[in-house]
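What follows is calculated from the coordinates using simple rules that are stated; it is not laboratory data. Remember, predicted model here, so these are calculated numbers, not experimental data. FYI the Cβ positions are ideal-geometry reconstructions off the backbone, even for glycines, and counts take in every protein chain you see.
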Amino acid sequence: MLDKLRLLVIVLILWSTLASVFAASYFNSVQVLERENSSLKAFKELSLKNATVVVVINFGNGTVYAKPVHFMADTSFSVLNATIYAADGKLEYEYSEKFGDVFVTKILGVENDAKSSEYWVFYVNGMMSETGALKTLVFPEDVIEWRYQKF
């Protein structure tokens, strides 16, 4: 009878040890899944905030330059900002206090030419803008096209 009791105690000890190991493993798995779920939620929220526009610079001589520009969708981002990023800062402009906006005078080394009446003009989604590059805000997936053209 004593041997059966010892065997029963050994079995109960093994069972409780295995149950504890499985419980700890399950608890750890749940924690890992919860962390992964949190990471995925954060990634999804961040990706919803990220946005892209495409800036196209058409030099009017057959040369066209295009570059995607990424920005946070929950911030104000202007055509001027997007163009500065796309042109790697190689952009010049004059600020007009009268209009509270800017007039772009040079992009990637090509300057407005009053003698030939060629100027930089921008379009957003195919429509010529009626406001300047500073006041015109961009939205996700907009296409901004700068054209060097007779005006």
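Under the criterion of Cα pairs below 8 Å and six or more residues apart, the relative contact order for the chain equals 23 percent. Cross-link check: pairs Lys90/Lys150; Lys90/Lys135; Lys41/Lys90 evaluated at a Cα-Cα cut-off of 29 Å; pairs beyond the cut-off: Lys41/Lys90. Partners of Lys106 within straight-line reach, counting aspartates and glutamates whose Cα lies under 16 Å from its Cα and excluding those fewer than 8 residues away in the same chain: Asp88, Glu92, Glu94, Glu118, Glu145.
Considering only Gly89, Phe59, Val21, and ranking their Cα positions along the charge dipole of the chain that arises from unit charges at the beta-carbon of Lys, Arg, Asp and Glu, the one farthest toward the positive end is Val21. A Cβ-based charge dipole, computed about the Cα centre of the chain with Lys and Arg at +1 and Asp and Glu at -1, lands at about 640 debye. What's the long-distance tail for region 50-150, i.e. % of Cα pairs beyond 21 Å? So the portion of pairs separated by more than 21 Å is 27 percent.
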